[in-house]
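Everything below concerns the one structure shown next.
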Amino acid sequence: MFKTPSKILFKTPYAFHLILSILLLSFFLMGSASALDVESDEEATETSSAENIEAPVPLPEGTTFAPGQGPTPYIEGRHFFRVSEKAQKNPLVQDFQHRDPGKIQVIEFSNYGCYGCSQLHPLMRVWKKSKPSNIAFYEYPVLVHREWKPLAQAFFTVRALGLPPEQETQFDADFFQTIHGNRINLLQKKLLIDFFKAHGVDESQFNALFDSKAIQDQVRQANELSLAYQVAISPALIITGPNGGFMTSPAYVQNFDQFMELLSYLIQRQSPT
């Protein structure tokens, strides 16, 4: 009986392996094409997110961090970015900047849930004590993650207690230690109540502040301001003055000591010559 070529083909071991190899090669090529599509999508996402940041403007040749210290190691577009023109025109940003005419504003956006914030915030509290008088400094919780909202409420609750600066600083330090050192999730209200009790704040006082409209409004306003400035990283600093606005983060430098030097440099760039 005559056998069709297809029947002969699939009963021949060599031919069978040849067909299998062709199929595997086809799947490989399809997978490579998918990978290229994913990479293209990632590149498109990065391009889209970068559109909110103006193109880097190189520093003038020979610009120095301070007299006698040589060329600055800080590059615009790498270690810090200009606040976009869109953000500068936002009514919320403009209203906020009008709070302090003639002064340089420094805004710290952080959150108790952010590990990097636990490293930067204590340094900023120390810096706050000796900052120049022509600088207005603000601290706001940022909601890079929505689940951080209870911690933002806790931040403003601590401020509403009216504690002396040293006690307020210690309160913040204990928050960071509990969350990042002791690995206790303070996102749960019951644990927050226990935490405040351990710091001398009874449950009724905590609830009255934590759930109040005033605290809710502060959280909302802080979040709106961070969105207006297009803050998408924590911790982050915004430095605004006569030369516009700069945004930076410790993620853009090698260590926190260098970051504090960068802060001084950006303030210098905002200072009249």
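The values are calculated or read from the model by the stated rules, or taken from the named source; none is laboratory data. Only a predicted model underlies this, so the values are computations on that prediction, with no experimental measurement involved. When we count neighbours, we look across all protein chains shown, and the Cβ atoms used for this are built from the backbone with ideal geometry, even at glycine.
General remarks:
- Here residue 79 clears all of (1) at pLDDT below 95; (2) under 15 Å from the mean Cα position of the chain (by Cα) except the condition numbered (1).
- Near pairs, Cβ below 6 angstrom, 6+ apart or cross-chain, from region 152-177 (in the same structural domain as residue 129 (by TED's automatic domain parsing)) to any residue that is charged (D, E, K, R): 169/125
- Here residue 234 clears all of (1) exposed (fewer than 15 other Cβ atoms within 10 Å of the Cβ); (2) at negative phi except the condition numbered (1).
- Residues of region 204-240 satisfying the condition of being aliphatic (A, V, I, L, M) and not in a helix (DSSP H, G or I): 231, 232, 233, 236, 237, 238, 239
- Condition check for residue 93: among the β-branched types (Val, Ile, Thr), under 17 Å from residue 230 (Cβ atoms) and assigned to a helix (DSSP H, G or I): yes
Matching residues to (1) of a type in the set (Ser, Thr, Tyr); (2) within 19 Å of residue 160 (Cα to Cα); (3) in contact with a His (Cβ under 9 Å, 6 or more places away or on another chain):
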site	(1), (2), (3)
179	no, no, no
200	no, yes, no
206	no, yes, no
210	no, yes, no
224	no, no, no
235	no, no, yes
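- Residue satisfying condition, being without any contact (Cβ under 8 Å) to a residue 12 or more places away in the chain and either outside the structural domain of residue 106 (by TED's automatic domain parsing) or among the hydrophobic types (A, V, I, L, M, F, W, C) (or both), within set 237, 191: 191
- None of 152, 173 is surrounded by 19 or more Cβ atoms within 10 Å (Cβ to Cβ), more than 14 Å from residue 201 (Cα to Cα) and out of contact with any Ser or Thr (no Cβ under 8 Å at 6 or more places or on another chain) except 152.
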